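Bear in mind that the values in this text are calculations on the coordinates, not laboratory data. This structure is a prediction, so every number in the text was calculated from the model and none was measured.
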Amino acid sequence: MADFLQTARIDTADRAFLIGVQTQDMPLGEGTELLGELVELVENLKYTIAGKVLVNLRNPNPALLLGKGKAQELCDAAKAAGAELIVFDEELSPAQQRNWEELTGVAVIDRQEVILEIFADRAQTREAILQVALARMEYSLPRLTRAWTHLSRQRGKGAMGGEGETQLEQDRRIVRNRITHIKEELTQVRMQRGVQRTRRLRVPVPTASIVGYTNAGKSSLLNSLTGSVVLAEDKLFATLDPTTRQLLLRNNQKLLVTDTVGFIRRLPHGLVEAFKATLEEVLVADFLIHVLDVSNPNFEKHHTTTLEVLNELGAHGKKILTVFNKIDIASADQLALARRLEPEGIFVSAHTREGLDELQDRCVELIASEFDLVEMLIPHSRYDVLARMHEVGHIHDQEQLDEGVLLHGRFPPTQQAFFAPFVRNP
């Protein structure tokens, strides 16, 4: 497979030369921030940074993105640094990649391909592996000629073409067939996930999805809240598969909380599409918990990026609890900036557990705000009703009377038929 050959060639490169781009339509300094983020992305693939440079780009060149003179200058700098791989922070067209590789004699990739490789490295479950494979193949299809340049000399004339041309067409057909096959498999995976979700919704427990920029501490927060042991590592995209755990809130209200894949600036559109089955957990949740690493100097940009991706997914109308994580290592200035950004934000530390009680209380309030307050009298012979209320509803107060338990609380509209016989003020 051509894409496997391409990956193998990239994996043999140990020293990477990074090229960041500052365009005229980007805010001043954003190119530098993105280049710093690219350094972390590339280091996650275990490459050594041989050098990096930021280029101011006025008018993109169709052939090389940059002007010929600047391109040659960067080519010389990469060779002087002993680079075996050049990484652009700007998206390159297939033609631009080929032209750069001919100019430099080394593999040239862009930010999209770096993220795809990280996702491929992190994928564990069948669903994640299929989703990454689909995104990589769709990305690689127009770039297959990069892996077959050694056959170009074998191309002959005539109606049938040469051996190299024939091999390239065969490879494209193989990749297209595999894309079709993977899409069919993903359809089955989504159906299975839908069945699992339907089973969860039969007992209408409120649901929340944890979203946020990659490495913001989402999995750590889920672990601290629920006492679970979900993988939580200090690296980008440690979590690719949605993980759902039950949280018992402080009023004995149950809440299903799902951890989702992290977002990042310039996330490849192919990955957004390929991960719809994973990210659709966001769409069906009752509300979202948006986690931000307040100790990160770029958390404002991370906040904007996450909201943009949520809008792209169609989740812009969801209620959101904004949670600033890692307050134990944040500066006073960062905390003050966060309060200005989101005055209603919740400040927590998943590590020290500071602020988690307030987060739980806000979850209880948000759930309760969705239900109408009612007064109920539950006979002592029907403690199953009381147990159901604790499970799916929200109880403000309750009192033991001779004729039963008098309580004030709220329950989901879907449970109206079950609780109606016990409501005193319908």
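Within region 361-417, all pairs of alpha-carbon atoms sorted by distance into 10 Å bins from zero give the percentages 23, 56, 19, 1. Across region 317-426, the convex hull enclosing all Cα atoms gives 133 Å³ per residue.
With θ taken as phi - 60° and the Karplus curve 6.51 cos²θ - 1.76 cosθ + 1.60 applied, the whole-hertz 3J(HN,Hα) list for region 322-333 is 8, 10, 8, 9, 6, 5, 6, 10, 8, 7, 4, 5 Hz, x standing for glycine and proline. The string of couplings for region 87-93 from the Karplus curve (6.51, -1.76, 1.60, θ = phi - 60°) is 10, 9, 7, 9, 5, 9, 6 Hz, one whole number per residue in order, with x for Gly and Pro.
Quick one: Karplus J couplings for region 171-180, per residue in order, coefficients 6.51, -1.76, 1.60, θ = phi - 60°, nearest Hz, x for Gly and Pro? Values, residue by residue: 5, 4, 5, 4, 5, 4, 5, 5, 4, 4 Hz. A Cα-only calculation for region 2-122 places Rg and Dmax at 13.5, 39 Å.
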